[in-house]
Every structure is written in structure tokens, then in C-alpha cells.
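Scroll down for the structure; my scribbles are underneath it.
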Amino acid sequence: MTRVVLSIGSNLGDRLARLQAAVDGLGNSVRALSPVYETDAWGGVDQGPFLNAVVIADDPDLDGHGWLRLAQQLERDNERVREIRWGPRTLDVDLVCCHDGAREVRCDDDDLTLPHPLAHLRAFVLVPWLAVEPDAELTRPDGPSPVRDLLADLDAGERSAVRPTDLVLARTAEREP
């Protein structure tokens, strides 16, 4: 069984509906959902703020590349267009890390790098992840690090730019009558 940590974000259209569409697309594989946060755009492109969340999911039939294909399909289903690097997006689904049982999946090929090489620099990933998994660890080249420590190492301005909202995502099963 593989377990994945996904970072989801949207800053175009109905942002919350796009995040919910990603959660719905993951179906019964969803194990945990973080609160929803609003964050300023990252990457130097002038654009509106994002809604961000973290999803923890598992599926015995998916490996790292399988999760990548699913993430890309969710983005396509939500009209994601890749015109400008780090530009506005209807939906962004990033694989942060993946585990196959107790073994961390490591990958560095043309399509996929796991763990995500920039996750440790992104408060919009670390804050929601900690909210749903307080003991989370992320492996970096020098070994595993507690996500709490990685977040503490970021600039205070980066951390404070991740603002809580009162918006809520629901698992698909919770939404069914």
C-alpha cells in the first residue's frame, strides 16, 4: 500500500470548489484533510492569492508514478493550463512525499522527483501538513527532518503569510447523503 502527501492549491475561479474537486477525485483513498489556508502567490508572478490544503491518501494499487498520473488527471479535469511557470492555476496538485509501507519512495527521473525538492521551503505546504500530521517528517538530502523544524527554519514572514480560513473540505463519503 502506498501512502502519499499531496499539496493542493487554486487561485483561479471558485478556488474552494477546485480543491473540493481534487478531494472528490481522490475518492475513498483520502485518509486526512488539513484545514484550508489562504496564501499569497509564490514564485514571483503577479497573481491573486491561493487557497491551499494538504491531503493524505493511500491506495494499494498506486506507486509514485501512479500518484503523479492521478494528480495530473485531477489538474486536467479542472482545466489546468501550464502557460507560465508558477503562474495562476485552477488547480495544482503536488506530490510531497510517498511511502510504500514503511519504506519511503525515492525517485529522481525526468517526470517525478520524490520527495518534492522544494517542499521544505514552502510554508504553504508545511503549515497545512503539520495541522493534519503533527509528527510529520520530510526527507531531505541530509536525512529526515521533522516538518515542525523545517517550518521553524523559514522566515517568519513566510510562515505568517499562510493564513487560516473558515473554509472546510469534506471527504467524498462525508458529502454523500
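I'd like to know if segment 18-34 contains one or more residues that are surrounded by 18 or more Cβ atoms within 10 Å (Cβ to Cβ), touching a Ser or Thr at 6+ places or on another chain (Cβ under 7 Å) and of a type in the set (Ser, Thr, Tyr).
For segment 18-34, residues surrounded by 18 or more Cβ atoms within 10 Å (Cβ to Cβ), touching a Ser or Thr at 6+ places or on another chain (Cβ under 7 Å) and of a type in the set (Ser, Thr, Tyr): absent.
Residues in segment 91-108: is at least one in contact with a helix residue (DSSP H, G or I) (Cβ under 8 Å, 6 or more places away or on another chain), more than 22 Å from residue 12 (Cα to Cα) and open to solvent by 80 Å² or more (accessible area, probe 1.4 Å)?
no
Residue 15 fails exactly one of the following numbered conditions: (1) among the basic types (Lys, Arg); (2) closer than 15 Å to residue 172 by Cβ; (3) buried (at least 17 other Cβ atoms within 10 Å of the Cβ). What is the number of that condition?
Single failed check for residue 15: (2).
Could you figure out which of (1) farther than 13 Å from residue 5 by Cβ; (2) hydrophobic (A, V, I, L, M, F, W, C); (3) modelled with pLDDT of 90 or more; (4) out of contact with any strand residue (DSSP E or B) (no Cβ under 6 Å at 6 or more places or on another chain) isn't true of residue 86?
For residue 86, the exception is condition (3).
Considering 119, 123, 161, which residue is over 18 Å from residue 58 (Cα atoms), in contact with a Cys (Cβ under 8 Å, 6 or more places away or on another chain) and open to solvent by less than 50 Å² (accessible area, probe 1.4 Å)? Break it down stepwise before answering.
Values: 123 fails: in contact with a Cys (Cβ under 8 Å, 6 or more places away or on another chain); 161 fails: in contact with a Cys (Cβ under 8 Å, 6 or more places away or on another chain).
Testing whether each residue is over 18 Å from residue 58 (Cα atoms), in contact with a Cys (Cβ under 8 Å, 6 or more places away or on another chain) and open to solvent by less than 50 Å² (accessible area, probe 1.4 Å) leaves just 119.
Would you tally the residues in segment 164-177 being open to solvent by 70 Å² or more (accessible area, probe 1.4 Å) and over 17 Å from the mean Cα position of the chain (by Cα)?
Counting residues in segment 164-177 that are open to solvent by 70 Å² or more (accessible area, probe 1.4 Å) and over 17 Å from the mean Cα position of the chain (by Cα) gives 5.
Here is a yes/no grid of residues against (1) in a helix (DSSP H, G or I); (2) closer than 16 Å to residue 97 by Cβ:
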site: 16; (1), (2): yes, no
site: 21; (1), (2): yes, no
site: 24; (1), (2): yes, no
site: 27; (1), (2): yes, no
site: 32; (1), (2): no, yes
site: 35; (1), (2): no, no
site: 38; (1), (2): no, no
site: 46; (1), (2): no, no
site: 57; (1), (2): no, yes
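Among the residues of segment 49-60, is there at least one that is surrounded by fewer than 21 Cβ atoms within 10 Å (Cβ to Cβ), touching a residue at least 12 places away in the same chain (Cβ under 8 Å) and under 18 Å from residue 89 (Cα atoms)? Break it down stepwise before answering.
In the first step, residues of segment 49-60 are kept if they are surrounded by fewer than 21 Cβ atoms within 10 Å (Cβ to Cβ); the result is 49, 56, 58-60.
Remaining after also requiring touching a residue at least 12 places away in the same chain (Cβ under 8 Å): 49, 56, 58-60.
Checking the rest, the ones that are also under 18 Å from residue 89 (Cα atoms) come to 49.
Looking through segment 49-60, at least one residue is surrounded by fewer than 21 Cβ atoms within 10 Å (Cβ to Cβ), touching a residue at least 12 places away in the same chain (Cβ under 8 Å) and under 18 Å from residue 89 (Cα atoms).
The values are calculated or read from the model by the stated rules, or taken from the named source; none is laboratory data. From a predicted model like this one, the values you see are computed outputs, not experimental measurements. Quick reminder, even Gly has a Cβ in these numbers, built from the backbone with ideal geometry, and neighbours come from all protein chains shown. Heavy atoms of the whole protein, side chains included, go into the accessibility calculation; ligands, DNA and RNA do not. Shrake-Rupley method; radii C 1.70, N 1.55, O 1.52, S 1.80 Å.
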